[in-house]
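Enquirer: Dumping the structure here so I can ask a few things about it.
The values are calculated or read from the model by the stated rules, or taken from the named source; none is laboratory data. Bear in mind that the values here come from a model prediction, so they are computed numbers and not experimental data. Reconstructed Cβ throughout: ideal geometry from the backbone, glycine too, with neighbour counts over all protein chains shown.
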Amino acid sequence: MFEWPLLSLLVWLPIFGAAAVVAIASGMPKLVRPLALAVAVLTFLLSLVLYAGFDVSTAAMQFEERSVWIEAFNIHYHLGVDGLSLPLILLTTLIGVLIIIGGWTIQDRPHLYLASFLVLQGLTVGVFAALDALLFYVFFEAMLVPMFLIIGIWGGPNRIYATIKFFLFTFFGSVFMLIALLWLYLQSGSFAILDLHQLPIALNAQILIFLAFLIAFAVKVPMWPVHTWLPDAHVEAPTGGSVVLAAVMLKIGGYGLVRFSLPITPDAAAALDWLVIGLSLVAIAYIGFVALAQSDMKKLIAYSSISHMGFVTLGLFLAFAISRNTGDVTGAGLGITGGMVQMISHGFISGAMFLAVGVLYDRVHSREISSYGGVANTMPWFAMFAVLFFMANSGLPGTSGFVGEFMVILAAFHASFWFAFVAGITLLLGAAYSLWLVKRVFYGEIANNAVAGLKDLSAREWLLMTILAVFVLGVGIWPFPLIEMMEASVANLVEHILQSKVEGS
Amino acid sequence: MHIESVLLLIPLLPLAGCLIAGLFGRLVGRAGAHWVTILAVAASFGLSSYVAWEVFFNDLPVLNYSVYTWAVTDGLRFEIGFLVDSLTALMMVVVTFVSLMVHIYTVGYMHDDPGYQRFFAYINLFTFAMLMLVMANNFLQLFFGWEAVGVVSYLLIGFWFRKDSAVRANLKAFLVNRAGDFGLILGVAAVVVYAGSLDYATVFAAVPAMEGQTISLFPGTEWSILTFICICLFIGAMGKSAQVPLHVWLPDSMEGPTPISALIHAATMVTAGIFMVARLSPMFEASVPALSFILVIGAITALFMGLVGIVQTDIKRVVAYSTLSQLGYMTVALGVSAYSVAIFHLMTHAFFKALLFLAAGSVIIALHHKQDLRQMGGLAKYLPITAATAWLGSLALIGFPFFSGFYSKDLIIEAVKLADRPGVAFATFAVYAGVVITALYSFRMLYLAFHGPTRMDEATRAHAHESPWVVTVPLILLAIPSVLIGYFTVVPLLFGGALADAIFVREAHDVVARLAYKFEDGPFAFGLHGFLTPVFWLAMLGVGLATWIYLFNPGMAETVKQRLLPLWKILDNKYGFDDFYIKGVTAGTLKLSSGLSSRGDGQIIDGWLVNGSARLVGRVSAAVRTLQSGFVFHYAFAMIIGLVAMLASFVLLR
C-alpha cells in the first residue's frame, strides 16, 4: 500500500509553495496572500494528520522515510518523528499559519516576505524531522538565510548590525557542531543520529564533543552569556520575524540538546551538568532582573524569553544531579518533560506577546513603553488578551506558562533545594516585569493623542489573538495530550542518558 | 441529581456566568449581566447548602475523587479533583452566601459604573476560583485556586484602572502575594519530593514516614522536613492572608470597589491561608516549631495591625486594618492547634466583616464616594438601617457576649491560655491587648461616622439618605448570621465533632477538647458567663475610651495625638513597612536591574566580549594586513623563519 511521505510533504510543501507564491506575484498579485495562506493551512492540516497517526505508546521513530542522498559518505535523506520532535513540528506549522495571517498587511514586496516565512517553516520542520546528522546540519544552516533576509529587508533602522550579529553568533556556534559531527562520522562511519546515540565514546572525546554541541545550541537557545544577539535581532525584526524567532527558532537549541548532546555524550553531560545548570540559573535570575530594566517592549520580551528558556535547559539537565544526589531517577523525566512543555508553551506565549507588540507598533510606530499608557481605555478587548498573555508569561496556573515551570521546579527540588529556590525567583521577577509592563502600557489615564486615537483589534487580529489564547488556556487546563505525546520518548531518553557510553565500562 | 454532578455544577455555574457577562456583556446588557451572574451564584449557593445539609445532617460520607487527569508523567499523577468533607462544605456555604450578598449589593453600589458587566464577570470568576480552591483534593488544584483568586483580586483592585493609585495597589498586591507563593511552591515541591504525591490523602498518609527525615539547606544544618514544608506552605499563607511582614498589600487593596473589599479582602480570599493550614492540619500537627512560628506571626499581626487601625481616617482602611488584626487572631488559633476554632472565627468573621465593609460602602454611596471619617458624623439620622447593621457588626467584632464574634474570639483566647508551646506567652498578651484595641477602633469608627456632630459640607448633607433596598437587604441578611451564627453553631462545630472528619489534632495538642467543659451548660450559659470575664471588661475599657474620646470630648482626640505624637507617627507611618518595601526593596531591585542591564549585558558581555572580539579580529587582521607588504623577500624571509621554527620544534620535541 502506498503511504504518503507525510514528513517530506511537511518540509517541501511550504518550500515549493513559496516558489509558487513568488512565481505568481507579477501575474496575479491579488492571489499572493491567499495562496500563501492556503499553503500554510494545508501544511498545518497535514501536521494534524501526522498527530492523528502518531502512536504515543512507543519511543521508536515513526513516519520514517529513508533514501540514500550522498552514497560516498553514507549520508541519507532520513526523516522521522518521535515524542520529542512531534510537538515542535506541530508548533512550527501552527505558528506558520499565524505568521501568514499576521503578515497580511505587509506592503513592501509581500510575495517575498510571505515566501521567506514559508521557506523558513519548511526548513524548520526539516530540522525537527531530520534523522541524519548532516541533513540536520544542512537544514540548520539553511534556516539562517530566510531569517537573515527577513530581518535584513523588512527590519528596523539598525537591522544591519542586528543581522550580522545574529548571523555571526549562530554561524560561529554551528561550525563547532560541524566539526563534532565530522569527528563522529570518522569514528562510526555513519551520520545516522540513532547510530550516533549508540556509539561508545571515551570520556575525553565526549567532553570535547559535548562542548562543541553546547556552543552551537547554547547560542540558539540562547543561554547566558551568548544571548545578546537575541534582543538586538528582536528589536530590528518585523513582527512576524520576532514571532517566528521566539516561538520556533529558539526551540531548535533546546531540541538539539535533547537530540544530540544528551544521548550522544551522556557521560560528558553528566560530568558537565553543573555548567549547564549554572548557566540556566543565571539566565533565569540574572536575565529576569535585566528584563525589568528594559524600556523597549520588544527587548523586555526578548529578555523574558531568555529567562524562560533557562527553564528549558535547566529541566533538560537535571537528570544527572537527581540520580547523583538521590540515587534514584524519580524526577529526571519530570525535568525533561517540563523543559519540553516549556518550549511549546513559550512558543505560544512569546508569539502572542510579540504579536501584541506588533498590534501596538502598527498603530503608533513605537516600541517604547513610555509612548503608551491607558491603552485599555481605547482598546479594551486587546487589553483583555494582553493581560491574559502577560499573566501566562508570569506562569499563571491555568495557562500553559505554568505547566512547564511547575514541572521543572518540582524536578529541580529533586536535585537540590537551591536549584528550586533560584528557579522559583522567576515567580516574582516574571510577574514583576510582565505586569509592570501591563501597568505602564495598558492602565492609567490615556497618556497622549496617539493612544486616544487607537482603534481596537481588527477581525484579523482578533483571529490571531483568539487562536493563541485557545492554545495558551488549553494547554494550561489540560496538558495531558501534550505530555502523553512526549512521555514514552522522555522515559526512553532518561533511561538512555543514565547509562554510560564510555567504552569498557 | 447525582451528587458528583451537583459538585461539578457548583463551581462551573459561576464560571459560565463570568463568560456570559464578560464576553457577551454588550449583548446581554447591564440587567442581563447582573441577572445571569446573580442567578449563577444563587444556584451555586443553593447547591452548596444542599451539599452542606447532606454532610452535616445526613452523614454524607467524605467524598474524595478525581474529576479529570491533568497530566501524568514520570510516575507522578496531576489530578483535578474534589475533596468534600465538613470543612469544604462549610467553606462552600460561606463563600457562596457572602458572594451572593455581594452580587446583590453590587447592583446598587456599581449602578452608574461604565464597567458594570465587567465587574459582575470578575466577581463570578472569583467565586469560581475560590470554590476550586476550597474544593481541591490536591496541591496542584490548591495552587491553581490560590493564584486564580489572586489574579481576580488583581483585576478587581485595579478595576478603576485609570486611577494611578488603583493600578499601583494591584501590582503591589500581586507581587507581595507572589512573594508568598514563592514559599508555597517550594513547599509543594518538597511535598512532591518527600511524599511522592500531590494528593492530600496520600501525603497525609506519608506524614509518619516523613517525620524522621531531614533536609540540609546549608552544610551542617539539619531541618526536619515537615517543619521545612510547613513553614514554606505557611509563607504562602502569609501572603494571601496578609500576615506581617507580607501584609502591606491589603490596606492598599481598598483602592478597589467596596463590594470586593467585602468579598475578597475580608470574607473569603484572605482567609484562604487560614483554610489551607486547617486543611493540611495532619501535616502541621507534625511540626511544633512550625506551629510556634505561625503563633508568633499571628500574634504580631493581631496586635500591631489593630493599633494602626486606631489612627486611620479612611473608613475603609479602618475596616481593612481590623481585618488584618482578625486574620492575626485566626492565625494565632492555628498556631495553638485550635484549627476548628480558627475556622469558626473565619466563618463568623466572614459574616460580620463583610457586613462592616458593605455598611461602610453604604456610607460611601450616601456621601458620593467620600471616605474620610473626619468629614462624616451624625449619619445615623440619615442612614438608620446602615447604622443599625454597622452597630451589630461592630458588636460582633468586639466580641460582645452572645454575638457571633464573642464565641469565636473568646475561644481563641481560651485556647491560647491552655496551649503549651514556645510563643504562647507573647500570644496571650497580644490577644488580650488586641481586645481593647479592637473595641477602641471599632467604636471610634462608629462614633465618627454615625454619631456626634455632623462634619459634612452642606451639599453632601443635603443629599445623604439611606441606600436602596439592593444595598440594605444584603446588610440585613448579613446582620442575621453576624448576630446568631455563633450561638447556634459553636457547640456542634467545635465540640460535637462536626469538623472531626476534616481536621486532625494530636491528642497532646488538643486544647479545643479541653475547652469542652465550658459548654456543658450550653452556649447560653457560656454567653452569660461572658459578662464576668476579663475579656469582656477589656472590651468595655476600649469602648469606654472610644466613647470618652470620640463621643463626649470631640477635641480630645487631637490632644491625645499631640501628647503621643512620636507613637502616633509610628502608627501613621505603619511602622515603616511601606517605606522599607518601596524605598528599600523596590528601588534596590530596580537599581540592580538597570545596573545589570547596562553594566552586565551592555558593557561586559556586549562591550568587551562581543564587540571586543569583533574589534580584536579587526586589529589582528589589520596587523596581518601590514605583513602583506607585497615584497617577495619579506615573504621568503617569513618562510625561512617558519621552516627553521618547524625544524627546531621537531628536533626539540622528539
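Enquirer: Report the residue count in the range B:144-186 for those that are aromatic (Phe, Trp, Tyr) and within 20 Å of A:Asn393 (Cα to Cα).
Expert: 5
Enquirer: Among the residues that make up the range B:140-149, is at least one of them more than 25 Å from the chain's Cα centre (by Cα), within 14 Å of chain A (Cβ to nearest Cβ) and not aliphatic (A, V, I, L, M)?
Expert: Kept after step one, since they are more than 25 Å from the chain's Cα centre (by Cα), are these residues of the range B:140-149: none.
Within the range B:140-149 (the criterion being more than 25 Å from the chain's Cα centre (by Cα), within 14 Å of chain A (Cβ to nearest Cβ) and not aliphatic (A, V, I, L, M)), the answer is no, since none of the residues qualifies.
Enquirer: Follow-up. Among (1) farther than 30 Å from A:Leu300 by Cβ; (2) modelled with pLDDT under 90, which single condition is A:Leu272 missing?
Expert: Condition not satisfied by A:Leu272: (2).
Enquirer: Residues of the range B:517-531 being part of a helix (DSSP H, G or I), modelled with pLDDT of 90 or more and hydrophobic (A, V, I, L, M, F, W, C), which ones?
Expert: The answer is B:Phe524, B:Ala525, B:Phe526, B:Leu528.
Enquirer: Do we have any residue at all in the range A:18-28 that's among the hydrophobic types (A, V, I, L, M, F, W, C), outside any helix (DSSP H, G or I) and surrounded by fewer than 18 Cβ atoms within 10 Å (Cβ to Cβ)?
Expert: Yes, that holds for at least one residue.
Enquirer: Which helices (runs of 4 or more DSSP H) does the range B:563-654 wholly contain that include 1 or more residues that are more than 14 Å from every other protein chain (Cβ to nearest Cβ) and at pLDDT 70 or above?
Expert: B:565-572, B:611-627, B:632-653
Enquirer: For the range B:1-35, enumerate the residues that are assigned to a loop (DSSP other than H, G, I, E, B) and at pLDDT below 90.
Expert: Answer for the range B:1-35, where residues must be assigned to a loop (DSSP other than H, G, I, E, B) and at pLDDT below 90: B:Met1, B:His2.
Enquirer: Is there any pair linking a residue in the range B:364-389 that is more than 16 Å from B:Gly452 (Cβ to Cβ) to one that is basic (Lys, Arg), with Cβ under 6 Å and at least six apart or on different chains, and which?
Expert: Partner pairs satisfying both residue conditions: B:Gln371/B:Lys316.
Enquirer: Looking at the range B:186-197 only, could you name the residues that are facing chain A (nearest Cβ under 9 Å) and among the aliphatic types (A, V, I, L, M)?
Expert: Once the filter is applied, which keeps residues that are facing chain A (nearest Cβ under 9 Å) and among the aliphatic types (A, V, I, L, M), the range B:186-197 yields B:Leu186, B:Val188, B:Ala189, B:Ala190, B:Val192, B:Val193.
Enquirer: For A:Lys439, which of the numbered conditions (1) at pLDDT below 95; (2) more than 8 Å from chain B (Cβ to nearest Cβ) fails to hold?
Expert: The one condition A:Lys439 does not meet is (2).
Enquirer: Something else about it: For the range A:388-398, which positions are more than 8 Å from chain B (Cβ to nearest Cβ) and assigned to a helix (DSSP H, G or I)?
Expert: The answer is A:Leu388, A:Phe389, A:Phe390, A:Ala392, A:Asn393.
Enquirer: What is the residue count in the range A:320-364 for residues that are over 16 Å from the mean Cα position of the chain (by Cα), within 14 Å of chain B (Cβ to nearest Cβ) and either on the phi < 0 side of the Ramachandran plot or buried (at least 23 other Cβ atoms within 10 Å of the Cβ) (or both)?
Expert: Final tally of qualifying residues: 13.
Enquirer: Can you tell me which residue within the range A:441-465, out of those that are free of Cβ contacts under 8 Å to residues at least 24 places away in the same chain and assigned to a helix (DSSP H, G or I), is farthest from the chain's Cα centre (by Cα)?
Expert: If we take residues in the range A:441-465 being free of Cβ contacts under 8 Å to residues at least 24 places away in the same chain and assigned to a helix (DSSP H, G or I), then A:Asn449 is farthest from the chain's Cα centre (by Cα).
Enquirer: Further, regarding this structure: Please determine, by comparing only the residues of the range B:490-518 that are touching a residue at least 60 places away in the same chain (Cβ under 8 Å) and of a type in the set (D, E, K, R), which one is surrounded by the most Cβ atoms within 10 Å (Cβ to Cβ).
Expert: Of everything passing the filter in the range B:490-518, B:Asp510 is surrounded by the most Cβ atoms within 10 Å (Cβ to Cβ).
Enquirer: Separate question: Which condition does B:Asp164 not pass, out of (1) over 25 Å from A:Ala332 (Cα atoms); (2) more than 8 Å from chain A (Cβ to nearest Cβ), if it passes all the others?
Expert: (2)
Enquirer: Identify the residue in the range B:176-185 that is within 7 Å of another protein chain (Cβ to nearest Cβ) and surrounded by fewer than 23 Cβ atoms within 10 Å (Cβ to Cβ) and, among all such residues, is farthest from A:Trp436 (Cα to Cα).
Expert: Once the filter is applied, the top-ranked residue is B:Phe182.
Enquirer: For the range A:86-201, list the helices (runs of 4 or more DSSP H) that sit wholly inside it and hold at least 2 residues that are closer than 22 Å to A:Val244 by Cβ and either within 14 Å of chain B (Cβ to nearest Cβ) or over 22 Å from the mean Cα position of the chain (by Cα) (or both); which are they?
Expert: Ranges flagged: A:110-129, A:159-188.
Enquirer: So which of B:Leu392, B:Leu411, B:Leu346 is closer than 27 Å to B:Glu466 by Cα and out of contact with any Asp or Glu (no Cβ under 8 Å at 6 or more places or on another chain)? Walk me through how you get there before you give the answer.
Expert: Values: B:Leu411 fails: closer than 27 Å to B:Glu466 by Cα; B:Leu346 fails: closer than 27 Å to B:Glu466 by Cα.
Every option except B:Leu392 fails the conditions.
Enquirer: Still on this structure, please answer the following. Tell me which helices (runs of 4 or more DSSP H) are completely within the range A:256-318 and hold 1 or more residues being more than 13 Å from chain B (Cβ to nearest Cβ) and either within 23 Å of A:Gly241 (Cα to Cα) or basic (Lys, Arg) (or both), or say none if there are none.
Expert: A:297-316
Enquirer: Ok, one more. What number of residues within the range A:477-494 satisfy the criterion of being more than 9 Å from every other protein chain (Cβ to nearest Cβ) and either surrounded by 15 or more Cβ atoms within 10 Å (Cβ to Cβ) or touching a residue at least 24 places away in the same chain (Cβ under 8 Å) (or both)?
Expert: So the answer is 5.
Enquirer: Taking the conditions exactly as written (in a loop (DSSP other than H, G, I, E, B) and either in contact with a helix residue (DSSP H, G or I) (Cβ under 8 Å, 6 or more places away or on another chain) or within 14 Å of another protein chain (Cβ to nearest Cβ) (or both)), does B:Pro61 satisfy them or not? Walk me through it before giving the result.
Expert: Details: in a loop (DSSP other than H, G, I, E, B): yes; either in contact with a helix residue (DSSP H, G or I) (Cβ under 8 Å, 6 or more places away or on another chain) or within 14 Å of another protein chain (Cβ to nearest Cβ) (or both): no.
In short, no.
Enquirer: Only one of B:Thr331, B:Thr323 is in contact with a Lys or Arg (Cβ under 7 Å, 6 or more places away or on another chain) and crowded, with 24+ Cβ neighbours inside 10 Å; which?
Expert: Answer to the selection: B:Thr323.
Enquirer: Continuing with this model, one more query. State whether the residues of the range B:320-336 include one that is part of a helix (DSSP H, G or I), touching an Asp or Glu at 6+ places or on another chain (Cβ under 9 Å) and under 28 Å from B:Tyr105 (Cα atoms).
Expert: Yes, because at least one residue in the range B:320-336 is part of a helix (DSSP H, G or I), touching an Asp or Glu at 6+ places or on another chain (Cβ under 9 Å) and under 28 Å from B:Tyr105 (Cα atoms).
Enquirer: Residues being in contact with a Phe, Trp or Tyr (Cβ under 7 Å, 6 or more places away or on another chain), part of a loop (DSSP other than H, G, I, E, B), within 14 Å of another protein chain (Cβ to nearest Cβ) and touching a residue at least 12 places away in the same chain (Cβ under 8 Å): count how many of those fall in the range B:201-248.
Expert: Of the residues in the range B:201-248, 1 are in contact with a Phe, Trp or Tyr (Cβ under 7 Å, 6 or more places away or on another chain), part of a loop (DSSP other than H, G, I, E, B), within 14 Å of another protein chain (Cβ to nearest Cβ) and touching a residue at least 12 places away in the same chain (Cβ under 8 Å).
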